[in-house]
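Remarks on the structure that follows.
Derivation of every value follows stated rules applied to the coordinates shown; laboratory data play no part. Please read these numbers as outputs of a predicted model, since none were measured by experiment. So basically every Cβ, Gly included, is an ideal-geometry build from the backbone, and we count neighbours across all protein chains shown.
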Amino acid sequence: MDAVRTAIMSNRFNAIVEEASAAVYRTAHTTFVKLVQDYQCALATPDGDMFAYPMMSGVNVFIGSPLRPTLDAIGRENLKPGDIVITNDPFSTDGLVTHLMDVTLLYPIFREDKLIAVGWSFVHASDIGGAVPGSISPAFTEVFQEGLRVRPTKLYEGGVLNKTIKSIFEDNSRIPAELWGDIQAMISGLKSMDRRINELCDRYGRDMVEEGMRDVIGYSETKARAVIQKIPKGVYSFADYLEGINEGQLAYFSVTLTVRDGELDVDFTGTDPQLAAAYNLVTGATTHPYVVQCLITFILTMDPLTPRNSGILRAIHAHAPRGTVLNAVFPASGGSRAASATRAYDIIMGCLNQALPGGVGAAGAGMAGVIVVSAPDPRTGRDRVNVINTIHGGGGGRRISDGVDGTEVRYSQRMVPSEVIEVETPMIMRAIRIVPDSRRAGRFASGAALEMEMENTANRAVMTVRNMNRFVFAPWGFRGGEQGLLGRTVVNPGRADERSIGKISVLEMGRDDVVRITSPTGGGFGNPMERDLGAISTEIENGMLSRERAAEVYAVAFDAEGQIDKTKTEANRKERGEPDLPDFNFCAERERQDYVWPMAARRRLASMALSFELRIRSQLVGNVHKRMMKAGTPVNDEILQNAVREEAIRLGGNRVLASDHSARS
């Protein structure tokens, strides 16, 4: 590998994908693409290895997504210039598509009749059909409810549009013109990449460009391994819960991170079976970037000059058993799969906190809510589906800095301006604000909660919000940091008909109805008694921290003028003594669950369930879990074996044959 040539090629490739990404962004039709930027494009080798991925726009979570299974299924020999393949099927692509709404294109790039690269692009379609506007409800139990599903097929063949395929997509969407506009935007970006790659071949020759693709991937791998080498070797485990949409519905997420010489093994064994809810994610047989995003982010943070390509993943070996919520099988629903990816991020960070001296950070808000409304268009009177906004929550405190207000570092989605919302929909944005006194205490505080208040001015409107979470299990603090705040949703606040509704699946709104969503917040990081007084003073001055809360959580004393009295504050902190600081500060509900369900027992339950028929797995786990929680005593292996056996008999379920089970996993 020639270092100078590799650097030149890396910069050239990056420029190509950045230009293409900007083209998609600037020519898209739907709000979710052109403003929220839930889309992306990239370049891959004919083998399916991504060698260039943008960073300036679009989402950043799919670096190294698995193209190989789809290309193998299509057959590279069946591709020719002018072809464009379209799909939105997670199952036949083995995780290239992660839910039906991500309409995906593959564009073969040829040079002198040889396939030298493949362009990839996706947009999150704001509606792909299905039972609700926007296609996604977390309450859906199977993929058929979520809309149109198309296996990889040619939208264009030899440059000729397949009008039947185009019509299938348009006929199954509530917003056909906008959907087709987004697809055309992707095509513009893909054609841009084709043109620029061939220009690069004109300048350097095909062989050098192909060698450059391999070299930049190898360079990225080398840099990733160098970062991993600095993580202390060992085996680290962590677990957390994802809240389902129904009351009491939970999914257990478990990971074991093994660090060895320049490599990471990430084993999600012990994670619950796929849910009868739309939180399932298909990740396939190889390391999927969506579930190891925490590690990719860590590597890029430690070495920002690492090229963004599939080389990063070569040192990360992830495994999620088939049939689990992190690697679901047909016919699992998956519209809200981002909630599961978020929890995977959290549990890996829990392992890194154990592995690295000083830790990394507290849990973030753990929510990536996307608010969608279907209502009559105020300009045309016809029903229209619109993304209103995204709502995340305050980020967790970090080892060297506070969390970010109203969002987390893992999310790259942008906010929709209120003016656009009020032009395109009948919704009035009464408030978008960060919430005072919501930052969680620590040496480094969490970010503040975000609150949105929306009023419907139409006769009717239907609101769905996907990926809401952390309404029961608060985000954990680290090394003495305060645990996060829970999310909440209130309809018609301050009125006689005010009601708290928790997570939203489908909310019917009448004229003048108001909904207020308050996000969770991440946890604090480090001992609050060590927080800098200057930072506290700034928070008080800008109205984000009350003096009462400062006195309560930071032991701050004030003089007669209301200024911080440093001497008295220091005395107060000494009087409180040296606290006994656990590494992880879990909420009371998490501690209650952990008392009954030690990690080993809960992992065992999840793994045992996979030996039964798919149709009863999730119900078996849920029933046994609730039964043991009701008993309230710690679960041991004998109790667990008996409970699983009895519940399986009650449900009429049979164990699958060993050969069938291995084939599924």
Cβ-Cβ FRET estimate between residue 568 and residue 356, R0 fixed at 35 Å, reported to 0.05: 0.45
Which values, in whole Å and largest first, are the semi-axes of the equivalent ellipsoid of region 60-155 obtained as the square root of 5 times each eigenvalue of the Cα gyration tensor? 28, 12, 11
Report the residues of region 1-37 in range of a label on residue 56: point 7 Å along Cα→C-beta, backbone N strictly under 16 Å from it. 10-27
If you keep only loop residues by DSSP, which trypsin sites (Lys or Arg not before Pro) in region 155-237 have at most 14 other Cβ atoms within 10 Å of their Cβ? 230, 233
Over all alpha-carbon pairs of region 361-465, lay out the pair-distance distribution in 5 Å bins, whole %, shortest bin first. 3, 13, 21, 19, 14, 11, 8, 6, 3, 1, 0
Using only Cα atoms and rounding to the nearest 10 degrees, what angle (0 to 90) does helix 206-228 make with the longest principal axis of the chain? 20 degrees
Here region 597-664 gives, from Cα atoms, an Rg and Dmax in Å of 11.8, 37
Mean separation of Cα pairs under 8 Å and 6+ residues apart, divided by the residue count of region 232-280: what relative contact order is that in percent? 33 percent
If each Cα of region 414-512 is one equal point scatterer, what is log10 of I(q)/I(0) from the Debye formula at q = 0.25 Å⁻¹? -1.46
Helix axis angle, 566-576 relative to the chain longest principal axis, alpha carbon, degrees: 80 degrees
Determine the gain in length on full extension of the stretch residue 151-residue 164; use 0.36 nm per residue of separation and subtract their C-alpha separation, reporting nm with one decimal. 3.2 nm
Testing the spin-label approximation: label points 7 Å from Cα along Cα→Cβ at residue 508 and residue 77. State their distance in nm. 5.7 nm
Going out from 0 in 5 Å bins, what whole percent of all Cα-Cα distances in region 284-331 drops into each bin? 5, 20, 28, 19, 13, 9, 5, 2, 0
Of every Cα-Cα pair in region 1-61, the percent that sits beyond 13 Å: 63 percent
Taking the dipole of region 597-664 about the Cα centre (Lys, Arg +1; Asp, Glu -1; charges at Cβ), the one of 654, 616, 643 that reaches farthest to the positive side is 616
Between residue 548 and residue 433, what is the label-to-label distance in nm when each label sits 7 Å out along the Cα-to-Cβ direction? 1.7 nm
Which value, in Å³ per residue, describes the convex hull spanned by the Cα atoms of region 346-414? 87 Å³
From the backbone phi of region 596-606, what are the Karplus-calculated ³J(HN,Hα) couplings (6.51 cos²θ - 1.76 cosθ + 1.60, θ = phi - 60°) in whole Hz, Gly and Pro given as x? 7, 10, x, 3, 4, 5, 5, 5, 4, 4, 4
So what are the ³J(HN,Hα) numbers for region 425-434, from phi and the Karplus equation (6.51, -1.76, 1.60; θ = phi - 60°), rounded to whole Hz, Gly and Pro as x? 9, x, 8, 9, 7, 6, 6, 10, 8, 8
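What FRET efficiency, computed as 1/(1 + (r/R0)^6) with R0 = 25 Å and r the Cβ-Cβ distance, is obtained for residue 301 and residue 533, rounded to the nearest 0.05? Present the calculation step by step, with values, prior to reporting the outcome.
Working: r = 28 Å, r/R0 = 1.14.
It comes to 0.30.
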Amide proton proximity set for residue 391, modelled H, under 5 Å, gap of 5+: 369, 370, 371
For region 535-580: span of alpha carbons on each principal axis (Å, largest first): 31, 23, 16
Given charges at beta-carbon only (K, R positive; D, E negative), |dipole| of the chain in Debye: 700 debye
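Go ahead and run the numbers for FRET between residue 629 and residue 400, Cβ-Cβ distance against an R0 of 35 Å, rounding to 0.05.
So, using R0 = 35 Å, E works out to roughly 0.35.
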What number in nm² do you get for the chain if you take the convex hull of its Cα atoms and divide its surface by four? 31.9 nm²
Once normalised by the length of region 535-580, the mean sequence separation of its alpha carbon contacts under 8 Å that are 6 or more apart gives a contact order in percent of 24 percent
Using alpha-carbon coordinates, inclination of helix 614-631 to the longest axis of the chain, degrees: 10 degrees
Which cross-chain or sequence-distant (5 or more) residues have an amide H under 5 Å from the amide H of residue 274, H modelled 1.01 Å from N in plane? 324, 325
